[in-house]
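One structure is given below, encoded as structure tokens.
The values are calculated or read from the model by the stated rules, or taken from the named source; none is laboratory data. Keep in mind that this is a model prediction, so the values were computed, not measured. Here the Cβ is made from the backbone with ideal geometry for all residues, glycine too, and neighbour counts use every protein chain on show.
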């Protein structure tokens with residue numbers, strides 16, 4: 001199975017003062033990506049994605065999933081538009 005995306009996840013120290021909080025958030029973000037990726041990026045060429053969190057320090061998984069889903073939909077639409085042009 002070929003990977004269609006590589007994902008970078010970041011949580012800045014400025015937002016999350018404690019390493020435990022940064023690691024928890026990165027774990028939540030990776031889980032949200034895993035749950036939402038499904039077949040959204042299947043038709044895209046291999047891409048690199050970066051999620052660098054800049055919002056409020058605390059967010060639940062459901063909210064995070066909706067944000068990740070919206071971001072993946074935008075990326076998928078842009079990739080399909082770019083591949084249609086070439």
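Descriptive notes on the structure:
- Within the stretch 23-40, residues that are on the phi < 0 side of the Ramachandran plot sit with their Cβ atoms under 7 Å from residues that are assigned to a loop (DSSP other than H, G, I, E, B) and surrounded by 19 or more Cβ atoms within 10 Å (Cβ to Cβ), at 6+ positions apart or across chains, in these pairs: 25/11; 25/53; 26/11; 29/53.
- Of the residues in the stretch 72-86, at least one is surrounded by fewer than 17 Cβ atoms within 10 Å (Cβ to Cβ) and assigned to a loop (DSSP other than H, G, I, E, B).
- Near pairs, Cβ below 7 angstrom, 6+ apart or cross-chain, from the stretch 58-76 (at pLDDT 90 or above) to any residue that is surrounded by fewer than 16 Cβ atoms within 10 Å (Cβ to Cβ) and assigned to a helix (DSSP H, G or I): 61/31; 65/35
- Of residues in the stretch 1-32 being part of a helix (DSSP H, G or I) and in contact with a strand residue (DSSP E or B) (Cβ under 6 Å, 6 or more places away or on another chain), the one surrounded by the most Cβ atoms within 10 Å (Cβ to Cβ): 29
- Scanning the stretch 23-47 for residues being at pLDDT below 90 and more than 15 Å from residue 66 (Cβ to Cβ) gives a total of 8.
- Only one of the numbered conditions (1) within 14 Å of the chain's Cα centre (by Cα); (2) not in a helix (DSSP H, G or I) is violated by residue 45, and that is (1).
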